[in-house]
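Participant: Can you keep this structure in mind? I'll have questions shortly.
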Amino acid sequence: MFDYIHFAYPSRLWLLLLLVGLAVWYFFKIKNSHATIKVSNLSDFGGRRITLRTVVAFLPNVLNFFIVALIVVALARPQTITGNEKVTKEGIDVILATDISGSMLAADLKPNRLEAAKQVACDFISARENDRMGIVLFGSESFTQCPLTSDKSTLLTLMSNVKQGMVNDGTAIGLGLANSVARLKDSDAKSKVVILLTDGENNSGEVAPLMAADIAAAFGVRVYTIGVGRNGTAPFPVQDVFGHISYQNQEVHIDENTLKQIAKTTGGKYFRATNNNTLKEVYQEIDQLEKTKMQTMTTTQTHDKFLPFLLVAIGLILINILLKFTVARIIP
């Protein structure tokens, strides 16, 4: 009954020091008491025996200690507190826009750029419990692999099934971004984000990347751009007439200036990932930048528990009065 006890007026518990004063008063009272009849010895009374009546005679004094203690506790107003906590989680809507052009098969990331990007994207999806996410893919064209959903299992399956060659080769950055914005523009989420990952330059599509960035900014969509792979040359798989795969270094170019401008226009940030570890670090940083917002409301109720203490004290007072007028009565 008294779990999680709390006192409304804890300072009143100092009144328990009255028990010390009461104990001192009883000590001197007993010490200074004297017999009404004086005799030379107790031989005629059969010795001094402790009887039940003797014990009962001291009981009122003992009860007085309990009565004072209970009254003081009641005055301190003991209470129990119960609380109801309501947590409101405000998720973020995120579109993962991923380049699946032929250059994403370059092996400067292991096993290649596309597989490395898929792995860190899956880790990112698994870690974002309260967000809705979608997947947009682009090569020379763009399509939606998965619309916004909170079904993590579906997202992970569809991301794992992404392959190069699902669309014609090419890099339509502007079209991929515009498609991503179209998926987010009607969202009522407080934060709308596109994570756009590419390894090349815009060379396809009807929408220019910077025009798509202006559209994103107009709809309040923040874009984080990731340039994946190294500049210069990178090993690409080449198949000979017998079906054997070998790797040859080929020139690669990433339009970093355009990616930086897209991020700046939309209030996002540009990242460079040249290996698997830096790519993981990029997604970890984005995870920290885009934290899910939480609001907590707590309601508390207090229940007074002083009445049991007071009732027991009153009961002891009545017992005390009864004892003093019966078995514990002292004859002058």
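The values are calculated or read from the model by the stated rules, or taken from the named source; none is laboratory data. No experiment lies behind these values; they were computed from the predicted model shown. Virtual Cβ from ideal backbone geometry, glycine too; neighbours counted across all protein chains shown. When the accessible area is computed, the model is the full protein with side chains, heavy atoms only, and any ligands, DNA or RNA have been set aside. Shrake-Rupley method; radii C 1.70, N 1.55, O 1.52, S 1.80 Å.
Participant: Kindly rank 232-244, 137-149 from highest to lowest mean number of other beta carbons found within 10 Å of each residue. Show your work: numbers first, answer last.
Facilitator: Numbers: 232-244: 11.1, 137-149: 18.9.
Per-residue Cβ counts within 10 Å, averaged per peptide and sorted highest first, yield 137-149, 232-244.
Participant: Still on this structure, I have one more. Based on the Cβ-Cβ distance of Lys291 and Lys163, what FRET efficiency does E = 1/(1 + (r/R0)^6) give at R0 = 30 Å, to the nearest 0.05? Present the calculation step by step, with values, prior to reporting the outcome.
Facilitator: On the way: r = 32 Å, r/R0 = 1.08.
The formula returns an efficiency of 0.40 here.
Participant: Suppose R0 equals 41 Å. What FRET efficiency, 1/(1 + (r/R0)^6) with r the Cβ-Cβ distance, do Leu13 and Thr274 give to the nearest 0.05? List each step's numbers first, then the result.
Facilitator: On the way: r = 67 Å, r/R0 = 1.63.
Plugging the Cβ-Cβ distance into 1/(1 + (r/R0)^6) gives 0.05.
Participant: What nm value, rounded to one decimal, do you get for the distance between Leu307 and Tyr247 when each label is placed 7 Å out toward the C-beta?
Facilitator: Distance between label points: 8.0 nm.
Participant: Tally Lys and Arg at +1 and Asp and Glu at -1 over the other residues with C-beta under 14 Å from the C-beta of Lys269: what net charge comes out?
Facilitator: Result for the neighbourhood of Lys269: -1.
Participant: Taking the mean number of other Cβ atoms within 10 Å as a proxy for protection, how do you rank 216-224, 60-68 from highest to lowest?
Facilitator: Values: 216-224: 20.7, 60-68: 16.0.
Highest mean packing first, the order is 216-224, 60-68.
Participant: Accessible area per residue, 1.4 Å probe, Å², for the range 159-238: what's the number? Numbers along the way, then the final one.
Facilitator: Working: 3270 Å² over 80 residues.
Per-residue value: 41 Å².
Participant: So how much slack lies between Phe65 and Asp151, counting 0.36 nm per residue of separation and subtracting their Cα-Cα distance, in nm? It would help to have the intermediate numbers written out before the result.
Facilitator: Working: separation 86, 0.36 × 86 = 30.96 nm, distance 6.56 nm.
This chain segment gains 24.4 nm when fully extended.
Participant: For a Förster distance of 25 Å, can you work out the FRET efficiency between the beta-carbons of Lys190 and Phe143, rounded to the nearest 0.05? All intermediate terms of the calculation are to be shown ahead of the outcome.
Facilitator: Numbers: r = 28 Å, r/R0 = 1.10.
Step by step, r from the Cβ atoms, then E = 0.35.
Participant: Now for a separate question. For the range 235-292, compute Rg over Rh where Rg is the Cα radius of gyration and Rh is the Kirkwood radius from the inverse mean 1/r over Cα pairs. Please report the intermediate quantities before stating the final value.
Facilitator: Details: Rg = 17.1 Å, Rh = 14.4 Å.
Across the range 235-292, the Cα-based Rg/Rh ratio is 1.18.
Participant: Another one. Report the number of Lys pairs in the range 150-282 whose alpha-carbons are under 24 Å apart, with separation of 8 or more residues or on distinct chains.
Facilitator: 20
Participant: With both partners inside the range 147-253, how many of the DSSP beta bridges are antiparallel, as a percent to the nearest 5? Numbers along the way, then the final one.
Facilitator: Details: 8 of 15 bridges.
If I count the DSSP bridges inside the range 147-253, around 55 percent turn out antiparallel.
Participant: While we're looking at this one, here's another question. According to the square roots a ≥ b ≥ c of the eigenvalues of the Cα gyration tensor, what is the shape class of the range 153-286, taking rounded for a/c under 1.5, prolate for a/b larger than b/c otherwise, and oblate for the remainder? Intermediate values should be presented prior to the final figure.
Facilitator: On the way: a/c = 1.77, a/b = 1.66, b/c = 1.06.
Prolate, since a/c reaches 1.5 and a/b exceeds b/c.
Participant: Please sort 95-102, 129-136, 170-177 by packing, taking for each peptide the average over its residues of neighbouring beta carbons within 10 angstrom, highest first.
Facilitator: Details: 95-102: 24.9, 129-136: 20.4, 170-177: 27.0.
The packing order, highest mean first, is 170-177, 95-102, 129-136.
Participant: Here's another thing I want to ask about it. If a/c stays under 1.5 just call it rounded; otherwise compare a/b with b/c (prolate if a/b is bigger, oblate if not). Do that for the range 98-208, with a ≥ b ≥ c from the square roots of the Cα gyration tensor eigenvalues.
Facilitator: Working: a/c = 2.05, a/b = 1.20, b/c = 1.70.
Note, shape of the range 98-208 comes out oblate.
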